[in-house]
Amino acid sequence: MTAVLKRRSAEILERLRRHIPDLRCELDFSSPLELAVAAILAAQCTDKRVNLVTPALFKKYRTAKAYASADQAALEELVKSTGFFRNKTKSIRALGVALVERYDGEMPRDLEALIALPGIGRKTANLLMADAYGEPGLIIDTHQIRLNQRFGLTTQTDATKIEMELRDLIPVRDWTDWSHAVTLHGRYTCLARAPKCDECPLADICPACGKA
């Protein structure tokens, strides 16, 4: 069965690469710290909205030390439109404090070290490894959970368990492309409530479509 799923995942990625030529994270950033902060803000919020907020935010707060010493109310005001702004502000300030105390204000380049930071879960840590550092990363978000189930690649609902299963199916060199391809496909085509199966390049091989 694993061999079948490996072939299916390879075909899915090949088709999505042709369908979505620009495979990348849609958050705007120019440093690992900026990506980490943007990812915290993106929880329960669209990347588009976050990208409207971050230019002013990144202009005002340029370092981990700046976030660590930021005034709670002032930071809240800047990120308010992303939702859940009080908790997000606390996480960003706590991240700044941890980076100053543990890493002299720099973002670490190790997955486990990233996961241990405030506000940085496994998904964001993999995002940082992939998009900030150019290392392979499997970024399991809600789109990944939904689509990998629809593709018949997993029955799991837990993101970490799905990541571990995909590690056995997807070659390491393809982890980052898989992450962005599937997420973008879920964001624009394979929607949660009304998937656009008639526009989908995977319709004939997708178990959930009914055309496979």
Checklist line | Convex hull (Cα only) mean projected area of the stretch 131-189, reported in nm² to one decimal | finding: 3.9
Notebook entry, point to check: Taking the Cα centre of the stretch 17-119 as the origin, how large is its charge dipole in debye, to the nearest 20, when only Lys and Arg (+1) and Asp and Glu (-1) carry charge on their Cβ atoms?
Noted result: 280
Checklist line | Cα pair distances exceeding 18 angstrom across the stretch 32-84, given as percent | finding: 22
Notebook entry, point to check: Gaussian network model of the chain, Cα springs within a sub-10 Å range: biggest mean-square fluctuation belongs to which of T89, T155, T124?
Noted result: T155
Next item on the list: Would you work out the charge dipole size for the chain about its Cα centre, treating the Cβ of every Lys and Arg as +1 and the Cβ of every Asp and Glu as -1, and quote it to the nearest 20 debye?
Entry: 460
Next item on the list: Take the chain, connect every pair of alpha-carbon atoms lying under 10 Å apart with a spring to form a Gaussian network, then pick out the residue of Q44, Q72, Q149 with the largest mean-square fluctuation.
Entry: Q44
Notebook entry, point to check: Roughly to the nearest percent, how much of the accessible area of the chain is carbon and sulfur, given a 1.4 Å probe?
Noted result: 51
Note to self: So if I place +1 on the C-beta of Lys and Arg and -1 on the C-beta of Asp and Glu, and nothing else carries charge, what would the dipole magnitude of the stretch 76-147 be about its Cα centre? I want it in debye, nearest 20.
What the structure shows: 400
Notebook entry, point to check: Based on the inverse mean of 1/r over its pairs of different Cα atoms, what is the Kirkwood hydrodynamic radius of the chain, in Å?
Noted result: 18.0
Notebook entry, point to check: Looking at A66, A42, S9, which one has the Cα that reaches farthest to the positive end of the dipole of the stretch 8-69 (charges on Cβ: Lys, Arg +1; Asp, Glu -1)?
Noted result: A66
Note to self: At 0.36 nm per residue, and after removing the present C-alpha to C-alpha distance, how many nm does the segment from K6 to D198 gain when stretched out fully?
What the structure shows: 66.6 nm
Notebook entry, point to check: So how long is each side of the stretch 103-212 along the principal axes, counting just the alpha-carbon atoms, biggest first, in Å?
Noted result: 54, 25, 23
Margin query: Report the Cα centroid-to-centroid distance between the stretch 134-201 and the stretch 5-81 in angstrom, as an integer.
Written below: 18
Checklist line | Accessible area expressed per residue, the stretch 63-212, with surrounding protein chains retained (probe 1.4 Å, Å²) | finding: 48
Margin query: Along the charge dipole of the chain, pointing to its positive end and built from +1/-1 on Cβ of Lys, Arg, Asp and Glu, which listed residue (S30, I120, V182) has its Cα farthest out?
Written below: V182
Next item on the list: Decide, for the stretch 52-149, between rounded, prolate and oblate: order the square roots of the alpha carbon gyration tensor eigenvalues as a ≥ b ≥ c, take rounded if a/c falls under 1.5, and otherwise choose prolate if a/b is larger than b/c, else oblate.
Entry: oblate
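The values are calculated or read from the model by the stated rules, or taken from the named source; none is laboratory data. Computed from a prediction, not measured in an experiment: that's the story for all the values here. Positions of Cβ are generated from backbone atoms using ideal geometry, with glycine treated the same way; all protein chains shown enter the neighbour counts. For the accessible areas, the whole protein counts, side chains as well, though only heavy atoms, and no ligand, DNA or RNA atoms are used. Shrake-Rupley method; radii C 1.70, N 1.55, O 1.52, S 1.80 Å.
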